[in-house]
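Data first, discussion second: the structure below is written as structure tokens.
Just so you know, all these numbers are worked out from the coordinates, no wet-lab data involved. Because the structure is a prediction, the values reported are computed rather than measured. Glycine also receives a Cβ, built like all others from the backbone with ideal geometry; neighbour counts cover every protein chain displayed.
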Amino acid sequence: MNLAARKPEACPALVLNADFRPLSYFPLSLWSWQDALKAVFLDRVDVVAQYDTKVHSPTFEMRLPSVVSLKTYVSHARTPAFTRFNVFLRDRFTCQYCRSTERDQLTFDHVVPRSKGGRTTWQNIVAACSACNIRKGGRMPEVARMIPARKPRRPTMFELNERGRAFPPHYLHDSWQDFLYWDIELEP
């Protein structure tokens, strides 16, 4: 597909913090073309790179930004939100019982079952495939003979970002490469 013929909807903008690092790696910090243009016009971002695709009005024409950087640094939360997605990311999208990496079968398991007083916290939830979750059921890990590969714990934002870098999205525009560092071999 010719880049010039790209529809605006297919032109997300990579959003970098003021230090030129992505706001997040997983999910990758992307804005729609409309949000990116709005931020440009409100002078909240600097345009770092552009697509060949242009949008225009009767009196104005502009190439769509492919990379923008915030003008003001945004501090990251010190502790990550406890979400299903972040649990999967912490556990590298791998069942902690059988080590399966089939993402469509992934769910989460209470290591200490709720029926035995287990809580829904970072320290008691692990990623598990559906088959292992059903097999373990409401039993304790020792009784089920299913001990998680890693003891569950609260990750840091740094750990989640580092793990996210190992799972690049399906679409990466060439102009993003310098800012993402996805296992790119640097030239000497």
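Residues whose amide H comes within less than 5 Å of that of Asn17, counting only those at least five positions distant or on another chain, are Leu23, Leu70 (H built at 1.01 Å from N in the peptide plane).
Once you keep just the Cα pairs under 8 angstrom separated by 6 or more residues, what percentage relative contact order results for the stretch 84-144? Dividing the mean separation by the residue count of the stretch 84-144 yields 35 percent.
Under the criterion of Cα pairs below 8 Å and six or more residues apart, the relative contact order for the chain equals 21 percent.
Rounded to the nearest 20, the size of the Cβ-charge dipole of the chain about its Cα centre is 1400 debye, with Lys and Arg at +1 and Asp and Glu at -1.
Of all lysines in the structure, the ones whose alpha carbon falls short of 21 Å from that of Lys116, not counting any fewer than 8 places away in one chain, are Lys136, Lys151. Here is the tail figure for the stretch 84-144: Cα pairs spaced more than 17 Å apart come to 31 percent of all pairs. The spacing between the stretch 73-102 and the stretch 12-51, judged by their C-alpha centroids, is 24 Å.
Taking other C-beta atoms within 10 Å as the exposure proxy, Arg153, Arg21 rank Arg153, Arg21 from fewest upward. Here the residues Phe41, Phe20, Phe26, ranked from fewest to most Cβ neighbours within 10 Å of their Cβ, fall in the order Phe41, Phe20, Phe26. For the chain, the Kirkwood hydrodynamic radius comes to 19.1 Å, computed from all pairs of different C-alpha atoms.
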